[in-house]
1. Considering all alpha-carbon pairs of segment 98-190, what whole percent are spaced by more than 23 angstrom?
2. Which value, in Å³ per residue, describes the convex hull spanned by the Cα atoms of segment 22-157?
3. Can you tell me the dipole magnitude for the chain around its Cα centre, using point charges on the Cβ only (Lys, Arg +1; Asp, Glu -1), in Debye to the nearest 20?
4. Identify, among 14, 88, 110, the residue whose Cα sits farthest towards the positive end of the charge dipole of the chain, taking +1 on the Cβ of Lys and Arg and -1 on the Cβ of Asp and Glu, with the dipole about the Cα centre.
5. Specify the inter-centroid distance of segment 78-111 and segment 136-189, based on alpha-carbon positions, in whole Å.
6. Which percent of the accessible heavy-atom area of the chain goes to carbon and sulfur, probe 1.4 angstrom?
7. Would you mind computing, in nm to one decimal, how far apart the modelled labels at residue 75 and residue 45 are, each placed 7 Å from Cα along Cα→Cβ?
8. Can you tell which of 133, 45, 63 lies farthest toward the positive end of the dipole of the chain, using +1 and -1 charges on the Cβ of basic and acidic side chains (Lys, Arg; Asp, Glu)?
Amino acid sequence: RMGFASNATSTTHIGMVYGGNYGPGSPGKTFNTEQYNGTSWTEVNQVNTARAGFCGGGTLTSAIYAGGEVPASPYNTDLHEQWDGTNWTESTEINTARRGCVGFGATNTAAILAAGYTTSNSALTEQWDGSSWTEKADQNAAKNARGGTGTVTDGILFGGNDPTTNTETWNGTSWTEVSELNTAGEYRSA
């Protein structure tokens, strides 16, 4: 599949993937959530609403699944689900429906959702505190299909549609443009 999210613990080589599109020739979104234990993949409880191009972030026991693209018009969604290590639970929706966004943060109670596509490219940033989403400072460049990683106080976004070399860092309050990528690209991963 493509357009899914992943969370990992690098020190133990375990990880998780969820959501996304089925591969070429198989239209539709998937509900699947799989975990890797260092040796093999195991299917675990599925997401509630299948979608792709969403924002994900967190760990194997505490993750978010927000925004994205659903199979029917208007396509962009404001849905948000939380993972507790066993189940996905629907939660408070994000403020602005979008797809092609980036999510990062350490848990399902502290996360950032940035960039994406609404009716055009978006520079929006929202922060999750465990009960509500709050709009924060916009990025300097409106993009979707970016790569990114970090926490609610220290993050990075890079690349994006067009494709671009744009790179920005997050300090918990604002975005700052920094050295550009050497090679322009979109749909990056980190």
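1. So the portion of pairs separated by more than 23 Å is 14 percent.
2. Values: hull volume 15.8 nm³, N = 136.
Per residue, the Cα convex hull of segment 22-157 comes to 116 Å³.
3. 380 debye
4. Of the options given, the answer is 14.
5. That distance is 19 Å.
6. About 48 percent, which is the carbon plus sulfur part of the accessible surface.
7. For the pair residue 75/residue 45, the computed spacing is 3.2 nm.
8. 45
The values are calculated or read from the model by the stated rules, or taken from the named source; none is laboratory data. Not measured: the values here are computed from a predicted model. Cβ atoms come from the backbone with ideal geometry, glycine included; neighbour counts cover every protein chain shown. Surface areas here come from the heavy atoms of the whole protein model, side chains and all, with no ligands, DNA or RNA. Shrake-Rupley method; radii C 1.70, N 1.55, O 1.52, S 1.80 Å.
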